[in-house]
Each structure stands twice: as C-alpha cells, then as structure tokens.
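Peer 1: Input: one structure, supplied below.
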Amino acid sequence: MLSPRSLRNLKRELSRSALAKTGIALVVLVVGVAALAPLVAPHDPTAQNLDDAQLPPLGFSETENSTTTEVVDGEVQIVNETTTINATAEHPLGTDSLGRDMLSRVVYGARTSLLVGVLGTFIAGGIGVTVGLVAGYYRGRVDDALMRSADVMLAFPSLVLAIALVGLWGRAAYRIPDPFVLLGITPDMPASFVLPGTVVVVVGLVNWVWFARVARGEALSIREQEYVKAARAVGASDARIIARHVLPNALTPILVLGTIQIAAIVLLESALSFLGFSGTTLSWGFDIAQGRDYLASAWWISTIPGVAIVLAVIGINLVGDWLRDALDPDIEGEGGGV
Amino acid sequence: MSDSQRDVLRVRDLSTRFFTEEGQVNAVEGVSFDVRDGEVYGIVGESGSGKSVTALSVIDLVASPGKITSGEVWYRNPDLAEEFRAERPDAVRDEFVDLRRLPKGVRRSLRGPGFSTVFQDPMSSLNPSLTVGEQIAEAVEVQRRARANPRSTRSRTQGYGLGKFLVDSLVPGRDYTGEESHERAIELLDQVGIPDPAQRAQEYPHQFSGGMLQRAMIAQALAGEPDVLIADEPTTALDVTIQAQILNLLRDLQQEEDMSVVLITHDLGVIARMCSRVGVMYAGQMVERGSLSDVFDDPVHPYTQGLLGSIPDLENPAPRLQPIEGNVPSLLDSEMGGRCYFADRCPKAMESCLHPIEMHDADAGSDEHEARCVLTETDYRPEEALPEGYFDGGDGDGGGGGRETDGSDPEAREEEVRADD
Amino acid sequence: MSLARFLLKRGLQGVFVVWGVVTVVFLLRFITPGDPISVIAPLDASPATRQAIAAELGLNRPLYVQYLDYLVGLLQGDMGYSYISNTSASARVFARLPATLELAVAATLVAVVLSIPLGVLSATNRNEPVDYGATTFSLVGISTPNFWLGIMLVLLFAVEFGVFKTSGRGITSARALSALATGNLDVFVSWLTYITLPAITLGTYFTALITRLTRSGMLDELGSAYVRATRAKGLPETLVRYRHALRNTLIPVVTVLGLQLGTLIGGAVITEAVFAWPGLGTLVINSITGRDWVVLQGSLIVIGVGFVLINLVVDALYAYLDPRVVSD
Ligand code: SF4
C-alpha cells in the first residue's frame, strides 16, 4: 500500500523533523501505557480510600493557615492553626475526591481513549470509505444521492448528534477481561475493562463523512486511470475493481485522514464522557467533570487528565502532520475537531 | 564608442548559492557579462545550468535558501550615480552604480523602471484572483506613486497595509489603483496586440489563453518603462506557433521602446533569431561568450560545440540542445572539484583540465569572444587525454562529477531543477 | 455563472439539506428503542395520558401522513408541543437561539481577528521565535479539548484571580452594545466579564486552526510564481503580502471554515455546558437528559438550518474571494 518512494519520504521527513519524532514518542508512550495499564498503574484505579482523599501531586504539598477565635477560660483567644497536606510518593499525581490514585486513573483512561479512538475511526472509515468509493466510482446519480446525504450529515455537528444518539440508545458498555489479571500477573487490578460500546458505535457513525469526502475524491481520479479501464475492459465486476484497484490506490490519504480522525475522536470521546454520555467512569473526560466541583480545593483532579488528553492528541496530530508532509495527500482541512 | 555600443548593465563575478539540506549548491559561479543599450543579449544553457538564477540574481529576487554570495551588478543610471557619489563612493563608478551596494529600498525601486521580468510560465505568473487589467494597472500605479513621491516609495508601503486590505475587502470600490492607471493598462494591452483590450482587462487570468497571458505579462513588464527587460524562457511554456508570435512581439517592442533585453533560453533557435550577443552557461559558470557569429559559427568550447552539433540548420523552427552524453553536474559544492566542470563529459578532456579554468580570449579575430577552456591556449593532445572511465569511480580525486547522484536519485534531480526555477 | 446564479444553486442545495435534516430528525424517533410514545410522553405518564398523546399526535396514522403533517407544521413554525416542559418547542428553542449566536459570533470574531495576523506574522518570519510561538500555539490549540480549557480558565481567572464570571450570561449583547454607545461603561464591562471566558474557550480551537491554515497558505503563496512576478514588477512588499498572497490564502481558509462550522456549533454546546450559558447547547443536553424529545428535535432542526444558512454566507464570501468560482 505504501510505495518504496513513500517509505523513503517518511524516513526522510522523520529524520529531519523533530516534531515528527516527538509525535511518535508521545504516541508510543500513550499506546504503551494503555496496553500495559495494569503493570504501569501503581494502584487499582477504582479503589477508594477516603482517608487519603484530595492528596496533592508531588511537589504541591499544601499548607493552610487558618485563624480561629476560641473562648478559653472565659477569655477570647486567637488561635493560629497550620494544617499541612503532604503529597506522598505513593500517589505521585495525587488522589481525587474519593481518594483514588490519579496516576492510575490517567493510565487506565488512556485505554478508554485509545480504544474508542481507534475502534471509532475504523467504524467511521469503514462506512465513509465504502460510501465515498462507491459514490466516486459510479458518479452520476449514485454520487449525488450519497454525497447529498453526506451534506445532511455534515449539518449535524458530530458532538450534538453523538449526544443525541447516546442519549436515545442508552449507555451500553461491555466488560472485557483483562489478560494481565486473567493470567494472574496483576491480581490487584480490576479484573475487567469497560468498553463503552454505544460510544464506540456513535463516534464512528457521526464521523464517517470526512472519510467519504476524501475517498470519493480519490475514486473520481483513480477511475480514470488506465489500469481501471483495463480491468473494466476484461470484464471485472465493479465490486472487484473497487476492492482490487480503487481502494488500494486511495489508501494513502485515507491513512493520513485516519490518523487525524483518531485525534478528533479521542477529543470527541472525552467531551462525551465529560458530559456524562459514556458507559464508563474510567475516562479522562469523566475525571475532568468530577474535578470541577473541587477546583478551589483540589485543582489537580481536573487538570491532570486534561494534560493527558492534550499530550495524547498532540502526539497523534504530530504523527498525522508527519504522514501528511511526507505523503502529501491533498486533504487540508478535512476532519472535524471538538 | 558609439551611443548604441554603450553598456547599460555590467555583471561582474556574480555568485549565488543555495544552502539546502543536501549541502551547498553553487547555482551561479563567477558569472560576468555586459548588456548594451538597445540590444538583445542571449544567455543559453541546459536546465540546471544556472541561467535563470543568474537572472533572478540580477534583479535581487533569489528566494531562500538561495543567497547571492558575491559579485557586482553595475547598472548605468546617471541620476542614481549622482545621488550616491558622495554617500557611497564605492558603489559608484562614472555613470554606473553597483546595485549590490545600494540600499535595499533603492534596489527594489528599480524593479519596474530599471528592470522588468517576463517569466517562463504565464499561467502561474499572474495572480489568479485579480483581473489582468488590475494587475497591469498595479504595475503602472506603483511607478506613478514612485514618481510623485520618490523618497517615500523606496522603502515604504505606499500606504497599504493589513488595515487597508481589510477595509478594501469590506468596502468594495476602494482600491490601490487609480483610474489613470487602468486606462494606461488598457493602452498597454493594446500595444502588445491583445484585441478588445478594454474588455479583456476586466477578465481573470484563467479566461486567457497561454499566448494571450504571455502578452499580458509583457504588457505588465512594459508598465514600468524598463531600461532592461529580462525574459526568462518566455516561450518555453507555449505552443510552437505562439512562440514565434511572442518572439516577434518582443523584438518589435524592443525596437519601439529602445530597451535592452536579456533573453534566457535553452533554445538555440531562439538565440540565433533574436540575439546580437550571447553567453553560454554550463554548471553555473559562463563557459563561452561573444557575438552571435563568434559563438555560433566558431565555437571554441567543446560544450558549445556539442550543443551546436545537433543543429543542422539554425533556421530550423525548434532546435533543441543536443543531449550530450552524461548529466549536468549536481552543482553540490562538495562534489565540485577544482577542475573544468565539463571535464567528465568532455570528449577532449586532458590532464591540464584538472585545475580551475579561467576565461580566456578565444580567438584573435574578435576581442569579445572568450571561453573557459584550455583549448583556447593549447591544442588538443591525444596523448594527455584522460583515460576512459576516469570520472566513473567517484574515488575522491577532486572529481567524481555528478554521476553517482544523478539519475539514480530523483530527489537530487529535483533539487537541481528547483535551483534553476 | 453569475454570483446570483451561483448563490441560487447553493441555496437550492441548502434547501435540500434542510429537507434531509428534517427527515432524519423525523426518522430518529423510529430508530430509538421503545415505542415513540414512551419517548415523547413524560416517564411518569399514566396509560391514559399516553393514549391521549398518541391520539393527539396521530401516532396511529400511517407514517407518511405523520411525516407530511410534521413538515407542514414546521413550515408554519410549529415544532410540536413538549409535554415535559409544557411549552411549545419552538418557543423554547427560539428563546435560546440568541445566546448561542452571540457566543458563536464572539468566538468567531476573536478567532478571525487573532489568527489571521498571527498566521501571516508566522509565515513572514519563518523559523523565527514568533513563528515557533505561533506554531506551538496552534498545535496545542487544536489538540486541547475546549471544555478542559474552559475549566482551566475558570480555575485561573475566576478561582485564583476572581476577575471573570464563570456561569450564566448577564445581559444581552444588544443591550451591552447600546450601553457602550451611551457611555455606560460599567454595564458593558460587566457584560464582558460574562462573555470573555466562554468566547475564549470556544474560539481557541478556531484561532489555532486558522492560524495554522493561514501560515501554511501564506508560505505556499509567498513561494509561488505570481508572487515572484508581483515583486519583480516593483510592488512594495506590503502589497505583495496583503493584496496578493493573503487574499489567495484566505480562499482555502474560508472553505475549511465552512466545513468546520459543525465543529463550531458542537463546541458551543460543550462550552455552554461548562459555563451554564443559557443557549441551544444547554437546551440540547437538558432535553436529552430530561427526555424532552420534541424540544431536542426542534433544536436539531434549528442547528441544521443555521448550519445551512451560515454556509450560504461562507459560499458568498468564497465566491467574492475567488473569481474563478463564478466567472466562466
Ligand atoms: S577545459 Fe578541458 S575538459 Fe574543459 S571543456 Fe576545455 S577541453 Fe574540455
């Protein structure tokens, strides 16, 4: 699917772009953390410990001075009290309002984000590429009908439509057994991982239009190529031509768009779980929402998951930029954000 | 010297380098030539020989990562000479000023009244979203404003900035160009032979044919009433039949306006038809120059001989450079040894060619015929010839040429073409 | 094709899209689990109420009759009656629309005013500190979820410094502007304290996106042949940049803006949720959590129609910038 020339361009671009290297490093980090979550997380991310609630991250130990007046022996005295909340190495990123370890929650949150991002992108890509290739290959009425319906889709902002669909369909979630726990490597960790099923389907359903637009453009030009005409001349079926000739040659821009879409869907997922339209509570967006009530007393609860999102999305976007600069498909401005 | 023999431009030892990731590319190296009043001077060479970069260097339009690294561009302009004689004595010699030593603003103010340029591809050389008339009117307007207030125009914006752009975009009808400039633009379109100029002036470039666009480009170049018109491959992008029309137009205008033209082309037929004197470029250097008959009838440099060998008849409508065996060197500094750059392709290369070669007087008959070749001084001696395959190994020896990189690596080729664009 | 014909053509396409939006919204109720009445009626409605609602809505009639009925109602501005909030849906939706428009316009203004100069500056000072700053900003800007940015702004400016309001809308922008006109600065400033943080929250992604597009577009244009020719004919650099390069840069920028309108509206929804901004976004979320299906339908339709209308404006802008679109 990638020609040797493309591969060489990728290498060249990578070697001269510090940003591309940064992006790959970030993505490898996030993927690694997500895959090995039970090994990386120091605690069970769902284990509550109200005694250790709202511990600050390392380096942010807090002292609070409070002045109270007390009546001692009939006399009014002013008492200065100093309370210290010490950060501990046990919870390097602090704990949330229920005493759950922030670092562990961030680590597990990476799983949710990436799984939803990647699976959602596959669904969106599957639908969108099919629609786009068919529209571009057949042109005419088929094209008109399909692309007008894509226009209708575009008129619904993906977040709004996603909220509506999740709201209507409910928040179905599936428990996937965690292999590390199953094998007894990390018995203390949650035995299963919650995949927010509705969200995966919905983010795919609301984002297919971008793939359709790009795939259609590619199909329109590829169908005029000699090898497609030749295949048609020898009587290959349309389905076969699309699968064998059109799709493989349209893959480069689809690959680049897919990368950008993972970033967009990670953002979309975080927005959905922030608003409470998700099926899992182990998600960066959900934690940010949790922390809102404690902004004045425990700023880190909202802050830290957000930093995780930003780093992950920057990483994916940088990889996307790298692919785009090296492979040079013409898809500027395609793909929605949040 | 009679009046028509006076020089208007003397380029001396001009060098331009591109600082690319692959290394330093010596696109133009020590190029010198003179252009006289009212003549058409030809510069000929293959693509990648540095002829276009030479033109861009003269008008100071070399874009990053390119940079003019040395040389002088003497331009005859008594007014400027007077103005800077006291201030910058080193930049003034008689009636000439060295553009490279003048302030940037002054240099830029000469674009238009001093030098105008017609580029190779008219389709991409006009702004697609402004009407053709508007773009020509701009070129007129900028000179009108400059004449009205010569001081402030040199460096300033002529009162046009981001704020004004926004206002212009929001309030239709306000514009940079005035009515007079538009009328002049229509006159110019008429002058270059565009029928129905008032109507066509209101059209956009995509509504023009290639030949008509090149006429419009020429009209735009005439707007500043230039002393020197630089035409960089003006006909390469056009159909053969249109080429002849454009060349005729250029020649007619050159005589009408009595300007000098520097014609840059790879097409020997164009040179033969248009030019009085010619310089041949190879690998960033000028390898032979002289009057048309010196160079075409009596070439000395084996490269020129090779080029001309392909043309049975100079009147042939579209003679092309003969593909001489081998490739144009990459011009990468690291790969250019201290030797004749043509040696790896030269059928007469000898041991004495393996050191830097200067320009030499080429023959006794003409005092302006020069060539960069040892054969101007000595005769070819077969016993000193370099052995077959001397440059193939790439084994250091100051040689190596461009062969290893060329052809095998498309990127290196692209780089080279870009350096010439 | 003249400009009028171009816009007419786009307008007709827009009408088609609106029809599609309405149809999808109408059909959505049939792809929801459970019967439509259970979605439309309040959760605690008695079977008798359900019957009554079903009869009143004509849910027992054939589908196409219901559909035509719905269309006719919409054409008369009737989006149905909400039994949950006990108001007509259109009244609720249109009461909320101005707040969302105000937020979106403020954010777009902020974005356009900041991003285009920043992008130009970045391109014309390539590989200099200002360029690195601008590219870093735009990378972070397009990668930051706006709801989190909003919360961070609240943390910084409201919790720490107490400068801005973090919830609600205050007075309308029309009143704020008239206060400014009459010199009533206090009122205007108080309006600013409400809208500033939401506008930054919503506008940052677009500022970053347009900065990025402007920068890369300017770099392309400044390296193009016509820019070189424009310099060669003696035009001052300012004219070359703004009159020629920037104008052509804005063509793709406008196109992308049109494509990304949905992102703007989606962003408004979540920004409203963060700042309790009483607009369509909060209405959408509330109507979903409150199962106020009729209001949700109305909101979706208004959003869709708004999208189509704004896109028409974008098309006009595009045609104005790029003469190739209409002159052939
Ligand atoms: S100097 Fe030598 S190698 Fe160069 S052209 Fe002359 S004869 Fe050939």
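The values are calculated or read from the model by the stated rules, or taken from the named source; none is laboratory data. Every value quoted in this text rests on a predicted model; they were computed, and no experiment measured them. As a convention, Cβ positions derive from the backbone with ideal geometry for all residues, glycine included, and neighbour counts pool all protein chains shown. Surface areas here come from the heavy atoms of the whole protein model, side chains and all, with no ligands, DNA or RNA. Shrake-Rupley method; radii C 1.70, N 1.55, O 1.52, S 1.80 Å.
Peer 1: Need at least 1 residues that are modelled with pLDDT under 85 and more than 22 Å from the chain's Cα centre (by Cα) per element, so show me which helices (runs of 4 or more DSSP H) inside the stretch C:31-148 make the cut, counting only ones lying wholly within it.
Peer 2: Passing ranges, in order: C:36-40, C:47-57, C:63-75.
Peer 1: Kindly check whether there is at least one residue in the stretch A:139-156 that is within 29 Å of A:Val313 (Cα to Cα), surrounded by fewer than 18 Cβ atoms within 10 Å (Cβ to Cβ) and within 29 Å of the chain's Cα centre (by Cα).
Peer 2: No, the stretch A:139-156 has no match at all.
Peer 1: Okay, moving on. Only one of B:Glu95, B:Glu87 is without any contact (Cβ under 8 Å) to a residue 12 or more places away in the chain and either open to solvent by less than 20 Å² (accessible area, probe 1.4 Å) or not polar (S, T, N, Q) (or both). Can you tell me which?
Peer 2: When all the criteria are applied, what remains is B:Glu87.
Peer 1: Going by the structure shown, is C:Arg228 basic (Lys, Arg), surrounded by 19 or more Cβ atoms within 10 Å (Cβ to Cβ) and closer than 16 Å to C:Leu103 by Cα?
Peer 2: So C:Arg228 does not fit the description; no.
Peer 1: Take the residues in the stretch B:360-376 that are outside any strand (DSSP E or B), near the ligand (Cβ under 10 Å from one of its atoms) and not β-branched (Val, Ile, Thr), then tell me which one is modelled with the lowest pLDDT.
Peer 2: It comes out as B:Leu375.
Peer 1: Looking at (1) within 19 Å of B:Asp13 (Cβ to Cβ); (2) touching a residue at least 60 places away in the same chain (Cβ under 8 Å); (3) away from every other protein chain (no Cβ under 14 Å), which one does B:Ala55 not meet, given that it meets all the others?
Peer 2: Result: B:Ala55 fails condition (3) only.
Peer 1: Can you name the residue in the stretch B:145-182 that is modelled with pLDDT of 80 or more, surrounded by 15 or more Cβ atoms within 10 Å (Cβ to Cβ) and assigned to a helix (DSSP H, G or I) and is also farthest from the other protein chains (Cβ to nearest Cβ) among such residues?
Peer 2: Of everything passing the filter in the stretch B:145-182, B:His182 is farthest from the other protein chains (Cβ to nearest Cβ).
Peer 1: Scan the stretch C:2-16 for residues that are within 24 Å of the chain's Cα centre (by Cα) and within 14 Å of another protein chain (Cβ to nearest Cβ) and jot them down.
Peer 2: Answer for the stretch C:2-16, where residues must be within 24 Å of the chain's Cα centre (by Cα) and within 14 Å of another protein chain (Cβ to nearest Cβ): C:Lys9, C:Arg10, C:Gly11, C:Leu12, C:Gln13, C:Gly14, C:Val15, C:Phe16.
Peer 1: Can you pull out the residues in the stretch B:280-298 that are within 11 Å of the ligand (Cβ to nearest atom) and either farther than 14 Å from B:Glu368 by Cβ or at pLDDT below 90 (or both)?
Peer 2: Within the stretch B:280-298, B:Tyr282, B:Ala283, B:Gln285, B:Val287 qualify.
Peer 1: Can you find even one residue in the stretch A:282-292 that is more than 11 Å from chain C (Cβ to nearest Cβ) and either part of a loop (DSSP other than H, G, I, E, B) or among the basic types (Lys, Arg) (or both)?
Peer 2: yes
Peer 1: Here's another thing I want to ask about it. Any residue at all in the stretch C:100-112 that is among the hydroxyl-bearing types (Ser, Thr, Tyr), touching a Phe, Trp or Tyr at 6+ places or on another chain (Cβ under 9 Å) and under 18 Å from C:Ile270 (Cβ atoms)?
Peer 2: Looking through the stretch C:100-112, at least one residue is among the hydroxyl-bearing types (Ser, Thr, Tyr), touching a Phe, Trp or Tyr at 6+ places or on another chain (Cβ under 9 Å) and under 18 Å from C:Ile270 (Cβ atoms).
Peer 1: Go through (1) facing another protein chain (nearest Cβ under 10 Å); (2) open to solvent by 20 Å² or more (accessible area, probe 1.4 Å); (3) more than 17 Å from the chain's Cα centre (by Cα); (4) of a type outside the set (D, E, K, R) and name the single condition C:Val305 misses.
Peer 2: (3)
Here's the yes/no breakdown for (1) closer than 17 Å to A:Leu103 by Cβ; (2) open to solvent by 40 Å² or more (accessible area, probe 1.4 Å):
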{"residue": "A:Ser6", "(1), (2)": "no, no"}
{"residue": "A:Leu10", "(1), (2)": "no, no"}
{"residue": "A:Leu19", "(1), (2)": "no, yes"}
{"residue": "A:Leu26", "(1), (2)": "no, no"}
{"residue": "A:His43", "(1), (2)": "yes, yes"}
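Peer 1: In addition: What pairs come up if the first residue lies in the stretch B:21-49 and is free of Cβ contacts under 8 Å to residues at least 40 places away in the same chain, the second is surrounded by fewer than 23 Cβ atoms within 10 Å (Cβ to Cβ) and assigned to a loop (DSSP other than H, G, I, E, B), and their beta carbons are under 9 Å apart, counting only those six or more places apart or on different chains?
Peer 2: Cβ pairs passing all conditions: B:Glu21/B:Pro65; B:Asp34/B:Glu368.
Peer 1: Quick one: B:Thr241 ticks every box in (1) β-branched (Val, Ile, Thr); (2) away from the ligand (no atom under 16 Å from the Cβ); (3) in contact (Cβ under 8 Å) with a residue 12 or more places away in the chain except a single one, so which number is it?
Peer 2: So the condition that B:Thr241 fails would be (3).
Peer 1: Select, from B:Pro78, B:Pro65, the only residue that is closer than 19 Å to B:Ser260 by Cα and surrounded by fewer than 16 Cβ atoms within 10 Å (Cβ to Cβ).
Peer 2: Exactly one residue qualifies, and that residue is B:Pro78.
Peer 1: Do any residues in the stretch B:346-361 that are free of Cβ contacts under 8 Å to residues at least 24 places away in the same chain and over 14 Å from B:Tyr282 (Cβ atoms) have Cβ atoms under 6 Å from those of residues that are near the ligand (Cβ under 9 Å from one of its atoms) and open to solvent by less than 50 Å² (accessible area, probe 1.4 Å), where the two are at least six apart or on different chains, and which pairs are they?
Peer 2: The qualifying pairs are B:His360/B:Thr376.
Peer 1: Being surrounded by fewer than 23 Cβ atoms within 10 Å (Cβ to Cβ) and more than 21 Å from A:Leu103 (Cα to Cα): is that true of A:Ala326 here?
Peer 2: It is true that A:Ala326 is surrounded by fewer than 23 Cβ atoms within 10 Å (Cβ to Cβ) and more than 21 Å from A:Leu103 (Cα to Cα).
Peer 1: Any chance the stretch C:42-57 includes a residue that's surrounded by 14 or more Cβ atoms within 10 Å (Cβ to Cβ) and in contact with a Lys or Arg (Cβ under 9 Å, 6 or more places away or on another chain)?
Peer 2: yes
Peer 1: Would you pick out the residues in the stretch C:266-279 that are touching a residue at least 12 places away in the same chain (Cβ under 8 Å), buried (at least 24 other Cβ atoms within 10 Å of the Cβ) and within 9 Å of another protein chain (Cβ to nearest Cβ)?
Peer 2: C:Gly267, C:Ala268, C:Val269, C:Ile270, C:Val274 - these are the residues of the stretch C:266-279 that are touching a residue at least 12 places away in the same chain (Cβ under 8 Å), buried (at least 24 other Cβ atoms within 10 Å of the Cβ) and within 9 Å of another protein chain (Cβ to nearest Cβ).
Peer 1: Taking helices (runs of 4 or more DSSP H) that fall entirely within the stretch A:94-174, which contain at least 1 residues that are at the interface with chain C (Cβ under 8 Å from one of its Cβ atoms)?
Peer 2: Qualifying helices (runs of 4 or more DSSP H): A:140-155, A:158-169.
Peer 1: For the stretch B:345-359, what are the residues that are touching a strand residue (DSSP E or B) at 6+ places or on another chain (Cβ under 6 Å) and within 10 Å of the ligand (Cβ to nearest atom)?
Peer 2: B:Met350
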